[in-house]
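Participant: Sharing a structure with you now.
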Amino acid sequence: MIKSTLFAAAAFALACSTASATTVITADQAVGGEAGASGLLGTYWHVPAGATGYNLADTLAARNANAASGTFVSSNVAYYGGDGTSITDFLGSDGASYVGTVSDLSDGILEFKGYIQITAPGTVYFAFNHDDAAQLTVGNQVLLSQNCCGFQVEDAVFSTAGMYAINLVYANTYYYGWGGAVLEMSADGQNVGGMFQSVPEPGSMSLMLVGALGLLAGARRRKSNQG
């Protein structure tokens, strides 16, 4: 098992589903930086009726075509409700961070962005429970892509430690006013508590490099002015 720290979570057993083919996340997909603030940056859209169309293609098109309704900080991807549930109630304790227009979840889209910190090479097993569509991208690899609801376990092999970009899109499609809205995610059977970061902090070497480049640029400007 990989030694890791994550955030956000699901409360169902990995035994409920079978893992798909292994996805390899290579070293070139890592980004610079060190662990920053815990949590993912969330965005919510309340789109026109039927816009999500029970599939990811329509969901992504509706996200791109409509202005966002609000933003929030996600500290735990374990959300439950239905078509009539308000976005703030659906987010639970994370609802306190929501800023924007409050509406119910009928034809609602949520997107979570941030980074995952991997502290050693190895495999992470991501487990999902979602109703309806969901798509997870890690680095530049699509790990999960489902048009409707279900349970999935997807395994990712990280070839090196580092920070990797995370993007999770979820859609709740209206279903006669009583459809369920569920989104859960866990890693290695645990709540995803510290592994996800909203923004990576620059590493010390990166800061030194930025400072050195700044000094070099300043010296060049002074030399140019003197000439």
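Participant: Could you check the stretch 156-167 and list, in sequence order, the residues that are part of a strand (DSSP E or B), over 12 Å from the mean Cα position of the chain (by Cα) and surrounded by fewer than 18 Cβ atoms within 10 Å (Cβ to Cβ)?
Facilitator: Listed by number, the list holds a single entry, 157.
Participant: For the stretch 115-123, state whether one or more residues are aliphatic (A, V, I, L, M) and open to solvent by 10 Å² or more (accessible area, probe 1.4 Å).
Facilitator: In the first step, residues of the stretch 115-123 are kept if they are aliphatic (A, V, I, L, M); the result is 116, 118, 120.
Now restrict to residues that are open to solvent by 10 Å² or more (accessible area, probe 1.4 Å): 120.
Scanning the stretch 115-123, I find at least one residue that is aliphatic (A, V, I, L, M) and open to solvent by 10 Å² or more (accessible area, probe 1.4 Å), so the answer is yes.
Participant: Take the residues of the stretch 169-190 that are closer than 30 Å to residue 32 by Cα, at pLDDT below 90 and part of a strand (DSSP E or B): which is most open to solvent (accessible area, probe 1.4 Å)?
Facilitator: 190
Participant: Can you tell me which residue within the stretch 1-30, out of those that are at pLDDT 80 or above and assigned to a loop (DSSP other than H, G, I, E, B), is surrounded by the fewest Cβ atoms within 10 Å (Cβ to Cβ)?
Facilitator: By that ranking, first place goes to 22.
Participant: Which residues, taken from the stretch 127-155, are of a type outside the set (D, E, K, R), assigned to a loop (DSSP other than H, G, I, E, B) and buried (at least 21 other Cβ atoms within 10 Å of the Cβ)?
Facilitator: Scanning the stretch 127-155 gives 133, 139.
Participant: Scanning the stretch 31-84 for residues that are open to solvent by less than 30 Å² (accessible area, probe 1.4 Å), of a type in the set (S, T, N, Q) and in a loop (DSSP other than H, G, I, E, B), which turns out nearest to residue 133 (Cα to Cα)?
Facilitator: Top of the filtered list is 52.
Participant: May I ask you to list pairs of residues, at least six apart or on different chains, whose Cβ atoms are under 7 Å apart, with the first in the stretch 140-153 being of a type in the set (Ser, Thr, Tyr) and the second being part of a strand (DSSP E or B)?
Facilitator: Qualifying pairs under 7 Å: 145/135.
Participant: Return yes when residue 102 is open to solvent by 60 Å² or more (accessible area, probe 1.4 Å), among the hydrophobic types (A, V, I, L, M, F, W, C) and modelled with pLDDT under 95 and no when it is not.
Facilitator: No; evaluated as a whole, the condition is false for this residue.
Participant: Would you be able to tell me the number of residues in the stretch 84-106 that are within 15 Å of residue 183 (Cβ to Cβ) and in contact (Cβ under 8 Å) with a residue 60 or more places away in the chain?
Facilitator: Count: 3.
The values are calculated or read from the model by the stated rules, or taken from the named source; none is laboratory data. Note that the coordinates shown come from a computational prediction; the quantities given were computed from them, not determined experimentally. Using ideal geometry, Cβ is built from the backbone for each residue, glycine included, and neighbour counts are taken over all protein chains shown. Note: accessible area is taken over every heavy atom of the protein model, side chains too, but ligands, DNA and RNA are not part of it. Shrake-Rupley method; radii C 1.70, N 1.55, O 1.52, S 1.80 Å.
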